[in-house]
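Structure first, then comments.
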Amino acid sequence: MKVDVLLGLQWGDEGKGKVVDVLTPKYDAITRFQGGPNAGHTLEFEGQKYVLRSIPSGIFQGGKTNIIGNGVVLDPILFRQEAEALAASGHDLTGQLCISKKAHLIMPTHRILDAAYEAAKGEAKIGTTGKGIGPTYTDKVGRNGLRVGDILHNFDEKYALAKKKHETILKGLNYTYDIAALEKEWFEALEYLKRFRLIDSEHVINRLLKEGKSVLAEGAQGTMLDVDFGSYPFVTSSNTVCAGACTGLGVAPRNIGEVYGIFKAYCTRVGSGPFPTELFDETGEKLCELGHEFGAVTGRKRRCGWIDLVALRYAVMINGVSQLIMMKSDVLDGFDTIKACVAYRVNGEETEEFPFDICESVEPVYVEFPGWKTDMTKMTSEDEFPEEFNAYVSFLEEELGVPVKIVSVGPDREQTIVRYED
Ligand code: GDP
Ligand code: IMO
Ligand code: MG
């Protein structure tokens with residue numbers, strides 16, 4: 001068997017959590033391969049809403065193995081809070097969740113460094129989630145990181161050395177902080193972590209594949225936040241693209257199967273950085289209001305705009321997307337007109353290719369569609385789709401060269417229409 005990958009094609013928050021939960025019954029194991037608690041994946045079913053940050057979205061369907069892979073960065077404090085909240089709501093994960101010994105640990109000083117670097121950038125700040133993601137990945141690549149497996153042997157020594165390095169940097173930045181309480185909580189959370197199976201996940205995952213078991217890899221963030229291919233430097237610090245599933249799980253490229261690319265019927269972004277189709281008018285406000293576009297974890301208001309097919313085509317290409325999943329189409333239910341950006345005008349010249357720099361001088365070129373003006377939230381089959389909606393979907397399929405397998409018409413698990421089975 002192969003690993004199927006589900007990942008975001010825009011700037012994150014496309015609805016990955018919801019769809020992973022919907023697809024989970026088809027799989028034996030669900031894995032996370034990159035990112036950390038910067039993610040906020042929302043699931044809704046049976047009148048309950050859950051937000052997951054480090055834990056894969058396959059935990060609610062029972063009897064599945066959920067794995068936090070080596071490519072993830074883990075904050076023991078936030079992980080503990082997440083796992084304890086789930087246990088309190090009747091979802092005890094201790095037998096169901098495994099963590100790679102090679103996943104890197106987010107230290108208290110990584111969080112402080114994240115804040116210090118952002119403060120030092122001033123106006124040019126990235127608008128990070130403040131979870132220490134950048135500094136932790138920096139230490140990983142710089143070969144200074146601490147891994148989950150390290151907590152099993154001589155950990156205090158390794159910790160002290162890493163902390164000292166951070167203190168020197170913070171001193172240089174003239175950044176004052178007090179982490180005594182946070183540090184105590186962190187060490188207690190490390191003990192809590194030991195209740196879970198700490199595994200060599202690359203062996204476990206490859207064994208599953210050999211035994212004919214099916215595995216789904218759940219992306220975090222989105223392609224436009226990828227450290228190599230996103231809107232650099234306004235990106236996260238991991239490879240959010242499909243290739244990240246290979247390095248973040250220890251799976252060979254030829255063992256990747258379907259690549260599900262997920263996108264909103266419009267577009268959002270949270271944090272700083274360029275966003276060519278961003279709307280600063282009433283339409284943008286309407287998208288924000290109808291789509292409840294506020295961060296799942298930070299509560300920050302998301303910037304809203306029309307769908308960007310230049311960026312989406314690029315994302316489809318980089319990821320080798322084989323099937324598309326369109327989310328939040330219901331948010332557009334009441335619009336008279338819907339726009340899609342098909343090209344950028346840069347210095348007077350039109351391009352359909354995603355450029356090196358999507359700076360302010362990029363002007364979107366739009367095509368317009370009549371809205372469907374129909375409430376789609378209770379629809380259960382594509383036979384009910386309005387004609388105008390079908391025209392919009394067909395246009396997107398043609399532009400992107402990939403079929404739309406699933407259409408989501410609301411946040412609930414049930415509000416999902418699968419257009420065809422594989
Ligand atoms: P993720 O990070 O990709 O998992 O997405 P988030 O959970 O951060 O953001 C998606 C938001 O949209 C959540 O509040 C979901 O409950 C909600 N959502 C998901 N699918 C739909 C949909 O089809 N329609 C509407 N209206 N909301 C949706
Ligand atoms: P999910 O998985 C949306 C954004 C931050 C910031 C940039 C860098 O829920 O889709 P970081 O803390 O990673 O160093 O921040 O990336 N960002 C996200 N935006 N959804 C996410 O995750 C995000 N994770 C990070 O807002 O602009
Ligand atoms: Mg999110």
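The values are calculated or read from the model by the stated rules, or taken from the named source; none is laboratory data. All values reported here derive from a predicted model rather than from experimental measurement. FYI the Cβ positions are ideal-geometry reconstructions off the backbone, even for glycines, and counts take in every protein chain you see. Ligands, DNA and RNA are stripped out before the accessible areas are found, and what is left, the full protein with its side chains, is counted by its heavy atoms. Shrake-Rupley method; radii C 1.70, N 1.55, O 1.52, S 1.80 Å.
Under 6 Å by Cβ, and 6 or more places apart or on different chains, what pairs join a residue from region 381-400 that is under 25 Å from VAL316 (Cα atoms) with one that is of a type in the set (Lys, Arg)?
Close Cβ pairs (under 6 Å, with a partner that is of a type in the set (Lys, Arg)) amount to GLU382/ARG419.
Does ASP4 satisfy being farther than 22 Å from GLY271 by Cβ and of a type in the set (Asp, Glu)?
For ASP4, the condition - farther than 22 Å from GLY271 by Cβ and of a type in the set (Asp, Glu) - is met.
Looking at (1) closer than 22 Å to ILE262 by Cα; (2) of a type outside the set (Asp, Glu); (3) in contact with a Gly (Cβ under 8 Å, 6 or more places away or on another chain), which is the only condition THR337 fails?
(1)
Tell me which of these LEU93 doesn't satisfy, since it passes every other one: (1) among the aliphatic types (A, V, I, L, M); (2) open to solvent by 10 Å² or more (accessible area, probe 1.4 Å); (3) more than 16 Å from ligand 2 (Cβ to nearest atom).
(2)
Which of (1) hydrophobic (A, V, I, L, M, F, W, C); (2) part of a helix (DSSP H, G or I); (3) out of contact with any Lys or Arg (no Cβ under 6 Å at 6 or more places or on another chain) is the odd one out, the single condition ALA220 does not satisfy?
(2)
Among the numbered conditions (1) closer than 26 Å to GLU118 by Cα; (2) free of Cβ contacts under 8 Å to residues at least 12 places away in the same chain; (3) not hydrophobic (A, V, I, L, M, F, W, C), tell me where GLY273 comes up short.
(2)
Kindly establish whether ASP330 is open to solvent by 50 Å² or more (accessible area, probe 1.4 Å), away from ligand 3 (no atom under 16 Å from the Cβ) and touching a Gly at 6+ places or on another chain (Cβ under 6 Å).
no
Could you tell me whether region 222-230 includes any residue that is in contact with a strand residue (DSSP E or B) (Cβ under 8 Å, 6 or more places away or on another chain), closer than 16 Å to ALA103 by Cβ and within 16 Å of ligand 1 (Cβ to nearest atom)?
no
Of LEU182, LEU198, which residue is touching a residue at least 12 places away in the same chain (Cβ under 8 Å) and in a strand (DSSP E or B)?
LEU198
Among (1) open to solvent by less than 60 Å² (accessible area, probe 1.4 Å); (2) in contact (Cβ under 8 Å) with a residue 24 or more places away in the chain, there is one condition GLY142 misses while meeting the rest; what is its number?
(2)
Return yes or no: is GLU84 away from ligand 1 (no atom under 16 Å from the Cβ) and either in contact with a helix residue (DSSP H, G or I) (Cβ under 8 Å, 6 or more places away or on another chain) or modelled with pLDDT of 95 or more (or both)?
yes
Any residue that is more than 15 Å from ligand 1 (Cβ to nearest atom), under 30 Å from VAL235 (Cα atoms) and aromatic (Phe, Trp, Tyr) - is there at least one of those in region 401-422?
no
In region 12-53, what count of residues is obtained for those that are among the hydroxyl-bearing types (Ser, Thr, Tyr) and out of contact with any Gly (no Cβ under 6 Å at 6 or more places or on another chain)?
Qualifying residue count for the region: 2.
How do the pairs read when you match residues in region 57-84 that are under 17 Å from GLU218 (Cβ atoms) with residues anywhere that are assigned to a loop (DSSP other than H, G, I, E, B) and open to solvent by 20 Å² or more (accessible area, probe 1.4 Å), using Cβ under 6 Å and keeping only pairs 6 or more apart or on different chains?
If the second residue must be assigned to a loop (DSSP other than H, G, I, E, B) and open to solvent by 20 Å² or more (accessible area, probe 1.4 Å), the pairs left are GLY58/LYS64; ASN66/GLN96; ASN70/LYS102; GLU82/ARG53.
Which strands (runs of 3 or more DSSP E) sit wholly inside region 1-81 and have at least 2 residues that are on the phi > 0 side of the Ramachandran plot and within 11 Å of ligand 2 (Cβ to nearest atom)?
Counting at least 2 such residues, we get no strands (runs of 3 or more DSSP E) at all.
Examine region 64-72 for a residue that is more than 16 Å from ligand 3 (Cβ to nearest atom), under 20 Å from LYS405 (Cβ atoms) and open to solvent by less than 10 Å² (accessible area, probe 1.4 Å), and state whether such a residue exists.
no
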